[in-house]
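Remarks on the structure that follows.
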Amino acid sequence: MVAIDDLVDKYMRILSVRGPRPIVQIKTRLGVDWLARARWSSRSPTTVIEVQRSVLGDARTLERVVAHEMVHHLEYTQLTPEEIAMLKVGIKPPSHGPKFLHGAQIVNDVMGADFVTVKSDSQYVQSASERDIYLLIARYGQRLGFAWAARLTPEATSVVAEKVLKGAKLVRTRDQRWTLARSKIKKYGGASFPQQGSREEAELRALYDGSP
Ligand SMILES: [Zn+2]
């Protein structure tokens, strides 16, 4: 596995960052659509970069993600006093504005076109999570809807028991994409419906039909 510290060193150099290194934290967050994010706070001495554990398995994705966040770090080290004053009252500069694009270009001149894009911390397929998640899939007329849970709490278990009696199926999957859906397995948690004709709909159908 590539050491993240080495990647941070590399992009501190490529981006000629003057100022402190960022703090990097590895996180396992389900139900979010970012692979990594960089956060600035007036209470923190430097940028905090959070990286989802799920990207650690793919060296190129990891490097692209770290490079993207390092461009944000560069931006944060160059904040003007006016921008800092604005941030303190909650007004953020555009997150992928001209300063970001300038930093991205510096990286891409070295690493190749589109190595860093405005979406390279959110768009890439994450490797399978080391944790299974649960999907409760049920028929609603002609359609299938689902709710998800990372763990089956006693409340979730009773919801599952009740729905399975009515024909729903509980399946396990490592595909974290489902966790982007709003509906969790809980009382009155509702159901989420993939768009009709989408790949998600076909995959949900396969999970449903493939389970006993
Ligand atoms: Zn970004």
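The values are calculated or read from the model by the stated rules, or taken from the named source; none is laboratory data. Predicted, not measured: the structure shown is a model, and the values here were computed from it. Note: ideal-geometry Cβ built from the backbone for every residue, glycine included; neighbour counts use all protein chains shown.
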Qualifying residue in segment 48-66 (condition: more than 21 Å from T117 (Cβ to Cβ) and touching a helix residue (DSSP H, G or I) at 6+ places or on another chain (Cβ under 7 Å)): no
Enumeration of residues in segment 8-48 that are of a type outside the set (S, T, Y) and closer than 25 Å to I133 by Cβ: Q25, I26, K27, R29, L30, G31, V32, D33, W34, L35, A36, R37
Count of residues meeting criterion [more than 30 Å from A206 (Cβ to Cβ), modelled with pLDDT under 95 and of a type in the set (D, E, K, R)] in segment 104-142: 1
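The rows are residues; the columns are (1) buried (at least 17 other Cβ atoms within 10 Å of the Cβ); (2) touching an Asp or Glu at 6+ places or on another chain (Cβ under 8 Å); (3) among the β-branched types (V, I, T).
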{"site": "V159", "(1), (2), (3)": "yes, no, yes"}
{"site": "V164", "(1), (2), (3)": "no, no, yes"}
{"site": "A168", "(1), (2), (3)": "yes, no, no"}
{"site": "Y188", "(1), (2), (3)": "no, no, no"}
{"site": "A191", "(1), (2), (3)": "yes, no, no"}
{"site": "Q196", "(1), (2), (3)": "no, no, no"}
{"site": "R199", "(1), (2), (3)": "no, no, no"}
{"site": "D209", "(1), (2), (3)": "no, no, no"}
Close pairs from segment 95-110: first over 16 Å from H73 (Cβ atoms), partner within 12 Å of the ligand (Cβ to nearest atom) and β-branched (V, I, T), Cβ under 8 Å, at least 6 apart: N108/V116
